[in-house]
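Notes to accompany the following structure.
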Amino acid sequence: MLRNYCKLLQIPVRKCAVPHHAAAGVRHKTTIQYAARPDMPKLAYRKVTGKSPGVVFLPGYASNMGGLKAEALEEFCKSLGHSYLRFDYSGCGSSEGEIKNFNIGAWKKDVLYVLDELVEGPQILVGSSMGGWLMLLAALSRPERIAALVGISTAADHFVTAFHTLPIETKKEVEEQGLWKFPTKHNEEGFYNLSVDFLKEAENHCILHSPIPMTCPVRLIHGLKDSDVPWHVSMQVAERVLSNDIDVILRKHGLHRMSEKDDIKLMVYTIDDLIDKLTTLG
């Protein structure tokens, strides 16, 4: 299976060692583990041990660690022998709590906990949508732990920006009701319930209004057909980040989730290239 996976992504054969179980056609998934934290929800995660730099995947809003991108990255990191961790934010997936009780600040703390307690050495953070926002916040708080950043449909400041673009009357209605039915195509209801408190708290974490002081390599992948988060958000991030090593990659037919075969191939290529670069520099 992994050999076919390598062919699919056209990863150099030298990097795709085929584990025995993969050659036998059996896929062994990592076991879900739970991090017990004082006065905080248990955090569910899956971990692969290996070389540095490690890779940490940050899902999007209301998403979890079981998506196609997260799964593909695990297989890729296993084939390289590099460490990998994916997890669910508080209130999401297999972690404790209900999503309505958490916010950007709480999920930022989740990411920092992962960096401080669950992984060792420098990490490449791969953030999808809201995870791209959180990876930037984490990099600002723990610059010494970050080897590189890879944003996929990065949604920096997105909820706040989207709210402020609403007509004045609509914003008044939301503030009076205390709840915004944020439209989405990614669930059956067709919207996410975002409280006004959630939006106000998110404003404390907006980063696009000033320079973003980080120097690590940054790669931003975005689809031109992303109808959820406009591709120019990635361009804004690139303009604000002070690093001299930053690339924006735009996919003409890319959608928001970037989970098509060629999208995942590009993501893996990008991370593979960064690992090569970082290893050479190291």
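The values are calculated or read from the model by the stated rules, or taken from the named source; none is laboratory data. What you see is a predicted model; the values in this text were computed from it and never measured. Note that we place each Cβ from the backbone using ideal geometry, even for glycine, and neighbour counts take in every protein chain shown. Heavy atoms of the whole protein, side chains included, go into the accessibility calculation; ligands, DNA and RNA do not. Shrake-Rupley method; radii C 1.70, N 1.55, O 1.52, S 1.80 Å.
Just one residue in the set V114, V150, V126, V119 is more than 23 Å from D197 (Cβ to Cβ), touching a Lys or Arg at 6+ places or on another chain (Cβ under 7 Å) and in contact (Cβ under 8 Å) with a residue 12 or more places away in the chain; that residue is V150.
Kindly indicate the residue of the stretch 163-194 that is at pLDDT 95 or above and under 23 Å from the mean Cα position of the chain (by Cα) and also nearest to A106 (Cα to Cα) among those meeting that condition. Filtering first and then ranking leaves L194. Being out of contact with any Asp or Glu (no Cβ under 9 Å at 6 or more places or on another chain), part of a helix (DSSP H, G or I) and surrounded by 15 or more Cβ atoms within 10 Å (Cβ to Cβ) is true for just one of I249, I275. Which residue is that? Checking each option against the conditions leaves just I275.
Taken together, the criteria exclude L224 from residues that are under 22 Å from L125 (Cα atoms) and loosely packed, with under 15 Cβ neighbours inside 10 Å.
Of the candidates S234, S259, the single residue that is surrounded by 15 or more Cβ atoms within 10 Å (Cβ to Cβ), within 15 Å of G131 (Cβ to Cβ) and modelled with pLDDT under 95 is S259. In the set S94, S63, S83, S90, only one residue is of a type in the set (S, T, Y) and not in a loop (DSSP other than H, G, I, E, B); that residue is S83. If the condition is being open to solvent by less than 70 Å² (accessible area, probe 1.4 Å), assigned to a loop (DSSP other than H, G, I, E, B) and farther than 25 Å from L220 by Cβ, then the stretch 150-209 contributes L166, G178, N187, G190.
Summed over the stretch 111-142, the residues that are hydrophobic (A, V, I, L, M, F, W, C), outside any helix (DSSP H, G or I) and buried (at least 24 other Cβ atoms within 10 Å of the Cβ) give a count of 3. Taken over the stretch 30-70, the residue count meeting the criterion of being open to solvent by 30 Å² or more (accessible area, probe 1.4 Å), charged (D, E, K, R) and either in contact with a Gly (Cβ under 7 Å, 6 or more places away or on another chain) or at pLDDT 95 or above (or both) is 4.
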